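The values are calculated or read from the model by the stated rules, or taken from the named source; none is laboratory data. Remember, it's a predicted structure, so these values are computed and weren't measured experimentally. In this analysis, Cβ positions are derived from the backbone assuming ideal geometry, glycine residues included, and neighbour counts consider all displayed protein chains.
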Ligand SMILES: Nc1ncnc2c1ncn2[C@@H]1O[C@H](COP(=O)(O)OP(=O)(O)O)[C@@H](O)[C@H]1O
Ligand SMILES: [Mg+2]
């Protein structure tokens with residue numbers, strides 16, 4: 001399931017919308033590399049998010065037939081890699097695809113892309129900038145740094161500014177955005193009302209990635225999107241208030257700050273849990289931190305469940321405490337400091353309220369059956385369950401019978417309309433075997449299902 005943003009990422013420089021000057025400058029710099037080693041070994045692509053910087057860098061490599069070493073600067077492992085390159089002397093050596101060093105004569109031209117370069121110099125990584133400067137000075141390979149925050153990147157190192165050619169990317173014009181959105185909609189076979197496009201583009205304020213995400217969240221699985229639908233976009237506004245709170249929880253390391261941040265939020269604890277969960281895995285780098293963090297989250301999840309079942313909302317505060325200060329103090333090692341993410345699950349929920357209820361009821365059934373949390377089912381297991389479900393008829397029929405799946409749930413797993421023949425057929429077959437013992441093992445897949453023969 002690739003997102004539309006990835007699916008429609010421009011592959012060639014000519015497909016990168018807007019910013020013709022920036023693209024021309026990139027080409028010129030690359031051409032100089034074909035002739036030798038230009039004075040500026042590196043360029044900084046600078047500009048707001050979602051306007052094609054990363055895409056342009058990748059497309060340039062494609063056009064030049066250069067291989068690419070992509071490093072995300074916010075990942076601390078890459079900071080180490082950068083340092084190593086610098087100290088080992090990158091003039092003669094270059095990376096292989098797997099990050100090993102190759103002599104240039106074995107390797108050919110490789111474009112080193114350091115994405116989110118403004119992040120590498122986060123609070124905990126003072127050494128990173130020096131490593132990059134050394135790398136650039138020594139490098140025999142073209143380097144592209146990408147940064148949203150040019151000032152944040154260059155103010156700590158005047159040499160960085162001096163060593164790099166700066167290429168500015170500008171926000172995409174509304175009309176260009178609309179054209180791209182229209183093209184995507186038509187390729188996806190969705191008819192999108194003009195005023196819906198209007199709203200999307202206005203909200204995106206030049207950020208094409210967010211416009212495409214909005215379009216996808218409104219249009220996925222539909223034939224047409226009418227104007228009323230844009231109400232669902234409200235969820236994206238929440239990022240602005242939630243991200244700072246998530247930062248406090250995952251990065252402050254301070255129980256009280258984390259708790260205060262959670263209390264100050266106008267979010268249900270259920271939703272906050274999803275946000276923390278979505279970002280914990282990227283942010284905490286040490287395995288023991290992850291274990292402790294997830295433990296706090298799953299205990300929070302248990303309290304939420306109890307609060308709901310017993311209508312005892314006093315329990316909410318325990319849950320909030322666990323998912324904020326509990327998670328904050330779980331981290332002993334350093335964080336990664338990367339970009340925070342919107343929970344994918346919430347995007348899917350926003351796609352359709354009906355689907356939301358169905359996903360929850362499905363998650364409940366599988367969670368009880370597999371003895372795991374609903375959150376785990378929703379965030380991790382559903383895709384696998386889906387693959388098993390669609391791939392094996394026998395298994396599908398027994399799952400449906402055993403868990404008592406209804407039309408909606410089966411339809412969601414099959415990705416078919418409720419009224420479809422496939423769904424009807426499945427429920428009929430499941431109805432027939434209900435009560436009778438399951439057939440022979442289905443080849444050992446999803447063994448938990450086989451073990452549960454005498455279960456609830
Ligand atoms: N100029 C553009 N032309 C075409 N698609 C774009 C452009 N800018 C952004 N996109 C869309 O948004 C996504 C994110 O773009 P990306 O290049 O990663 O942005 P940035 O690096 O500037 O944040 C792309 O995969 C593509 O779908
Ligand atoms: Mg990018």
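Here are some notes:
- When 171, 176, 211, 185 are checked against the criterion of being in a loop (DSSP other than H, G, I, E, B) and within 16 Å of ligand 1 (Cβ to nearest atom), 171 stands alone in meeting it.
- The criterion of at least 1 residues that are modelled with pLDDT under 90, in contact with a helix residue (DSSP H, G or I) (Cβ under 9 Å, 6 or more places away or on another chain) and closer than 30 Å to residue 283 by Cβ is met, among strands (runs of 3 or more DSSP E) falling completely within region 1-97, by 67-72, 93-95.
- Number of the condition not met by residue 390 [criteria: (1) at pLDDT 80 or above; (2) surrounded by fewer than 14 Cβ atoms within 10 Å (Cβ to Cβ)]: (2)
- If the condition is being farther than 13 Å from residue 43 by Cα and either assigned to a loop (DSSP other than H, G, I, E, B) or touching a helix residue (DSSP H, G or I) at 6+ places or on another chain (Cβ under 6 Å) (or both), then region 147-158 contributes 148, 149, 152, 155, 156, 157.
- Test: residue in region 141-148 that is surrounded by 23 or more Cβ atoms within 10 Å (Cβ to Cβ), farther than 23 Å from residue 19 by Cβ and either at pLDDT below 80 or in the same structural domain as residue 41 (by TED's automatic domain parsing) (or both): yes
- Pair list, Cβ under 7 Å, 6 or more apart: region 42-57 residue on the phi > 0 side of the Ramachandran plot, other residue part of a helix (DSSP H, G or I) and more than 6 Å from ligand 1 (Cβ to nearest atom): 50/210
- Scanning region 207-226 for residues that are at positive phi and either buried (at least 18 other Cβ atoms within 10 Å of the Cβ) or without any contact (Cβ under 8 Å) to a residue 40 or more places away in the chain (or both) yields nothing.
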